[in-house]
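Written below as structure tokens is the structure these notes are about.
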Amino acid sequence: MNPSYFFLGGVKIFADYDNAASILNLCMYYCIPYTRFTPTAEGVEMVIRYSSFKKFKKEADARGIAFTVLKRRG
């Protein structure tokens, strides 16, 4: 586990495969760090640093990219 996620917190999100590429493009464009990118049967899961989640949520909502918050830590 990355120590910064332990101390600063992280948000685990889920996105279906229709939105997965858009989420990765959004993270790449805005330099939003993520970890634990895991493909599942229905989509993908990943953890975004809590300090970057506010920016991520704002930009994803503005573009209509659907995702679900599974867990918040920290």
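The values are calculated or read from the model by the stated rules, or taken from the named source; none is laboratory data. Remember, predicted model here, so these are calculated numbers, not experimental data. A quick note on method: Cβ atoms are made from the backbone with ideal geometry, for glycine too, and the neighbour counts reach across all protein chains shown. Each accessible area value is taken on the protein alone, full model and side chains, heavy atoms only, with ligands, DNA and RNA left out. Shrake-Rupley method; radii C 1.70, N 1.55, O 1.52, S 1.80 Å.
Would you be able to tell me the number of residues in the range 14-29 that are touching a strand residue (DSSP E or B) at 6+ places or on another chain (Cβ under 7 Å) and closer than 13 Å to Glu59 by Cβ? Looking only at that region, the number is 2. In the range 34-44 there is no residue matching the filter, namely being surrounded by 14 or more Cβ atoms within 10 Å (Cβ to Cβ), under 15 Å from Gly74 (Cβ atoms), at pLDDT 95 or above and not hydroxyl-bearing (Ser, Thr, Tyr). So is Asn19 out of contact with any Cys (no Cβ under 9 Å at 6 or more places or on another chain), of a type in the set (S, T, N, Q) and open to solvent by 80 Å² or more (accessible area, probe 1.4 Å) or not? Considered against the rule, which asks whether it is out of contact with any Cys (no Cβ under 9 Å at 6 or more places or on another chain), of a type in the set (S, T, N, Q) and open to solvent by 80 Å² or more (accessible area, probe 1.4 Å), Asn19 comes out as no. Condition test on Val44, is it of a type in the set (A, V, I, L, M, F, W, C) and under 13 Å from Val11 (Cβ atoms)? Taking the combined requirement at face value, the residue does not satisfy it. The C-beta contact set for the range 46-74 (first residue within 14 Å of Ser22 (Cβ to Cβ) and open to solvent by 90 Å² or more (accessible area, probe 1.4 Å), second residue among the hydrophobic types (A, V, I, L, M, F, W, C) and assigned to a strand (DSSP E or B), distance under 8 angstrom, 6+ apart or interchain) is empty.
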